[in-house]
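Okay, so here's the structure we're looking at.
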Amino acid sequence: MSRPLLLLLSSALFAGLSLLVIEPDADQALEKATQRVQEKVDQAARDLTLLTASIAEELTEKPDDESFRRVMGMLEKESRVTGSIVQLISQNELIYWSGRPIGEAEELWGTDASHIHHAQGSWLHVRYAVGAYELHGFRPVWLSPAIENRFLNRGFHASLGAAKGLWASADAQLGPILKDGHGKPMLRLGWQDGALEVGQWLLLKLFVLLLSAGLLIAACWTFFAEMVRKGSPWTGTLLFTGTLVLLRAGTLALLPSSPLDRLPLFDPVVYATSFAFASLGDLLINAILLCLMGVFLWNTLRATNGPRWSMVGLLAGWATILLMAAWITNLIIGLVNDSSIDLDLYHVQGLSRMSLLAVLGIALLLTSWLVFSASILELMARHGLTDRFLFSGILILALSIALHHMAGIVDTVLFLWPIPLIAIIVHALRTSFRFIHVVLGLALVSAFGSHVLSRRSTDRERRERQSLAERLATREDPVVEQLFRETAPRLRADEAVHEVLSGGRPCGPMDLDQLVRQRYFGGYWERYDVRLFAFGPNGDLLCSTDAEPPRSFKISYGDFANPTAAADMPELFIEER
């Protein structure tokens, strides 16, 4: 069996395997995740019982400071790992405690509940009698902080190793039950919205598809390279290039992007400019294919002598080099302007993984241009640097400068950056490639990339600030006033919102987002930064969608109620800040 056929069959095999990698069933995954967490909770209950029992033995019949200091030594390491805490109480008084106290002494006295629900979450509970006192041990299962931000979020304690996206609630009516160490129902579990959209299965599918594509390209390379060696260099090169273009166009037009578009790498929200560059992942794939085409062309030209070039051919060769450079320049500019990726080189420490992948895409595009340009220049200059070769290059360069100036492009770096690189390539072709050529080439490419990214990032930031300033300068918005006039009565009469505000229990940003923003402040409201603050009957903050909300309505009353009202509605006002 020939090597191209073997590679082709292997590619088909992995393509078939990718069809077997499917999204896991949510219900089955939930049952398995619940079972794993249940095993951890059962073990945690046993560990908490042993820990509390050992502490009870350490304490004397009349606990004192010395005995409890010994206990704290035992708890220090344990609390860092599992979050376990203990409280020594009398009937009406909390005597000693570690961590943040759970519940009131009067409520805990005499209770044998194997778990308790508290404002801070749900905890396993163990009680031991120590003389005239009671020792209560607690271990967190589900944590529910009063205020949520990027550091504090609802979720299972890390020691339980719960699956990412697993959600728990003591009030839910549906979902598998999580029991405490005594087999009593404690919480009901479920998945957060979108928790199963991504995961290891999706990464595995992507890996298998990329492996299949790599084997297919290897089969094409092997087959057409053999054609080049047998005396058909141009036919083999054109067929290889055409095959890759057709395969890429077919994958874009025929194959659905789902479910790979769930990955940020293939999400059009992150980056999209055209049909061929519909995401950052597509840009990386296209850049890799361009590099492969350039390397194949370079290998082909090394095996051929090539004809003498006419003036028309030389002009076409120079034009191809400069047109490809202009195309890549526009792609790099689009990567800044048409994406949500942070490419501000003045804040390198803030670059994310998406930023690094975008920089990798830029490097691959510039590499493909270098390979193509070296191939074309080597073919044109093979018969010597004639006057026609230099004259045609100068003519095309002058035409390029004139066209760019006519198009209003005054940044000369954008269209002159290929010239020093071309000079390095030509010098290297006349002598031989040396390390100094590589160093100079990398320096020039880096300088060009840094210039474009810095300049365009600054321009984008200026546009964003200008847009923000225009929004802040808007003193009236009749549309919002009318929308609020229609929304306010319905919001006041919403029983679900009233229950959240008057129920006295903490809520989270997701509650506000689902109950209020998604239902009442969508559409035209999206142009504004809508932030929601829920205050209880006593003016205390229940929850907020702002990372730094006021602690109470009373303290910040002036921030909410004293500005000039709009449209004869005291609840609606315009605050320029």
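The values are calculated or read from the model by the stated rules, or taken from the named source; none is laboratory data. Only a predicted model underlies this, so the values are computations on that prediction, with no experimental measurement involved. Ideal geometry is used to build each Cβ from the backbone, glycine not excepted, and the neighbour counts take in all protein chains shown. Please note that ligands, DNA and RNA were not included when accessible areas were found on the heavy atoms of the full protein model with its side chains. Shrake-Rupley method; radii C 1.70, N 1.55, O 1.52, S 1.80 Å.
Structural remarks
- Applying 0.36 nm per residue to the separation of Lys230 and Val410 and subtracting their alpha-carbon distance, the gain on full extension is 59.9 nm.
- Zone of Arg455's modelled label, taken as backbone nitrogen in segment 397-440 under 17 Å from a point 7 Å along Cα→Cβ: 400-421
- Accessible-area composition of the chain, carbon plus sulfur, in percent [1.4 Å probe]: 59
- Checking (i) 47; (ii) 41; (iii) 26 against percent of Cα pairs over 43 Å apart calculated from these atoms, the matching label is (i).
- Peptides 339-351, 200-212 ordered by packing proxy, namely the average of other Cβ atoms within 10 Å per residue, highest first: 200-212, 339-351.
- Packing, as the average of other Cβ atoms within 10 Å across residues, places the peptides 25-37, 354-366 in the order 354-366, 25-37, highest first.
- For the listed residue pairs Lys32/Lys205; Lys77/Lys184; Lys32/Lys77; Lys40/Lys205; Lys40/Lys184, the alpha carbons are over 19 angstrom apart in Lys32/Lys205; Lys77/Lys184; Lys32/Lys77; Lys40/Lys205.
- Based on protein heavy atoms only, the chain ends up with 57 Å² per residue of surface accessible to a 1.4 Å probe.
- For the chain, the list of Cys residues with no other Cys C-beta under 4.7 Å reads Cys220, Cys291.
- Computed [θ] at 222 nm, helices only, for the chain once each DSSP H run of length n ≥ 4 contributes -39500 (n - 2.57): -18000 deg cm²/dmol
- On Cα atoms only, tilt of 418-430 relative to the major axis of the chain in degrees: 60
- Loop-located trypsin sites (Lys or Arg not before Pro) in segment 414-465 whose Cβ has at most 13 other Cβ within 10 Å (DSSP): Arg434
- Helix 311-337 axis, angle to the chain major axis (alpha carbon atoms, nearest 10°): 10
- Principal-axis analysis of the Cα atoms of the chain puts helix 65-82 at an angle of about 30° to the longest axis.
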